[in-house]
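The values are calculated or read from the model by the stated rules, or taken from the named source; none is laboratory data. Everything numeric here is computed off the predicted structure, so don't read it as measured data. We place every Cβ from the backbone using ideal geometry, glycine too, and count neighbours over all the protein chains shown. Remember, those area values only see protein heavy atoms, side chains included, never the ligands or the DNA or RNA. Shrake-Rupley method; radii C 1.70, N 1.55, O 1.52, S 1.80 Å.
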Amino acid sequence: MTEFKKLVFSGVQPTGNLHLGNYLGAIKKFVALQENNDCIYCVVDMHALTAQLVHEDMPSQIRSITAAFLASGIDPAKHIVFNQSAVPQHAELAWIFNCVARIGWMNRMTQFKDKAGKDRENASLGLYAYPSLMAADILVYRGTHVPVGDDQKQHLELARDIAMKFNMDYAEHIRRAGTGLDIVVGEQPVHAFFPLVEPLIDGPAPRVMSLKDGTKKMSKSDPSDLSRINLMDDEETISKKIRKAKTDPDGLPSEIAGLAGRPEADNLVGIYAALADKTKAEVLAEFGGQQFSVFKPALVDVAVSTLAPITGEMRRLMGDPGHIDAVLRDGGARARARADVTMQQVKDIVGFIS
């Protein structure tokens, strides 16, 4: 073997209701990627503790994310769907990565600064070390590719740094163990145990913005429910939210350049494009020169036709929690089997006796 086998890994936190941004920015891509890749999709319940320590409805949230995966078309038989806490090797590898990562690397993580705010001394150690666990999530399966939004690119770069430092520090141990591959990083030959993870960023709407403010990302935590379309919203609610979405007084331009400086218009065009599997240019070629009074009803139609079947299937699945739990148990068992192989090899490389 001269290169790492391609494996796609990603996860979604079980915190709050899933919305259109989660679907277009992540889950829809997960479904497309499974057609030609080996995929592992995870409900990252351990990460959820960094956002809020005590969750009264954690089981329901875990099942809701799983239901969204399944309802959107992810195949849990061909691929792996599981919850993170079911595979203890994630935390086990994260500790080793905590020892590999440098404080200076963590201090540069902008998401920690944003989420901790001004009161960083009161932030949890888990929030600070979040990127180290994220690296372990991927690399415990020796994952090679991760579909990410722009806000996660820095964490992925850190995962690459951790993998590279582990490979360099333990180069001779890896060679003796016979579990590495000869790769080239830049012009530098490296005998690597862990791959350097690559991001997968594509599609017309990698970031879906708030319906009330096109400069802010659509978020579960926004106090206004009108700012987002939840995956469990019914048709009437979706229609209402799109009709009330913030716009400007001008009509739609005929070319993408005309969206510059118009964040709300750009957001709605991007949402339409992603839902309809078109480019923004194709959408503007169809609606250029039209007012939002014409465009919004068309957006409602495409949003409802896409989301209604998913919503219906999610509701059906949530009514059968035993089935969801069975999917998670099966996926957890298969994920543990893969993760255990990696951890046994890591322990051998590090020098642990097991």
Name the residues in the range 197-208 that are modelled with pLDDT of 90 or more and open to solvent by less than 30 Å² (accessible area, probe 1.4 Å), would you?
-> Val197, Val208
Taking the options Lys5, Lys115, Lys78, name whichever one is closer than 15 Å to Tyr130 by Cβ and either in contact with a Cys (Cβ under 8 Å, 6 or more places away or on another chain) or open to solvent by 70 Å² or more (accessible area, probe 1.4 Å) (or both).
-> Lys115
Between a first residue in the range 108-134 that is in a loop (DSSP other than H, G, I, E, B) and a second residue that is surrounded by 14 or more Cβ atoms within 10 Å (Cβ to Cβ), which pairs have beta carbons less than 6 Å apart while being 6 or more apart in sequence or on different chains?
-> Met109/Pro131; Ala123/Ala116
Test set (1) open to solvent by less than 80 Å² (accessible area, probe 1.4 Å); (2) at pLDDT 95 or above; (3) over 30 Å from Arg175 (Cβ atoms); (4) part of a helix (DSSP H, G or I) - Ala339 fails condition number = (3)
Restricting attention to the range 220-257, which residues are within 16 Å of Phe287 (Cα to Cα) and either among the aromatic types (Phe, Trp, Tyr) or surrounded by 17 or more Cβ atoms within 10 Å (Cβ to Cβ) (or both)?
-> Thr247, Gly251, Leu252, Pro253
Could you pull out the residue among Asp233, Asp213, Asp248 that is within 19 Å of Thr306 (Cβ to Cβ), in a loop (DSSP other than H, G, I, E, B) and touching a helix residue (DSSP H, G or I) at 6+ places or on another chain (Cβ under 8 Å)?
-> Asp233
In the range 93-110, is there at least one residue being out of contact with any helix residue (DSSP H, G or I) (no Cβ under 7 Å at 6 or more places or on another chain), open to solvent by 20 Å² or more (accessible area, probe 1.4 Å) and aliphatic (A, V, I, L, M)?
-> yes
Output the qualifying pairs, or none if there are none: Cβ atoms under 8 angstrom, residues six or more apart or on different chains, first residue in the range 18-33 and aliphatic (A, V, I, L, M), second residue open to solvent by 30 Å² or more (accessible area, probe 1.4 Å) and at pLDDT 95 or above.
-> Val31/Gly73
Picking from Ala281, Ala273, Ala298, which residue would you name as being open to solvent by less than 70 Å² (accessible area, probe 1.4 Å), closer than 20 Å to Tyr23 by Cα, of a type outside the set (D, E, K, R) and over 25 Å from the mean Cα position of the chain (by Cα)?
-> Ala298
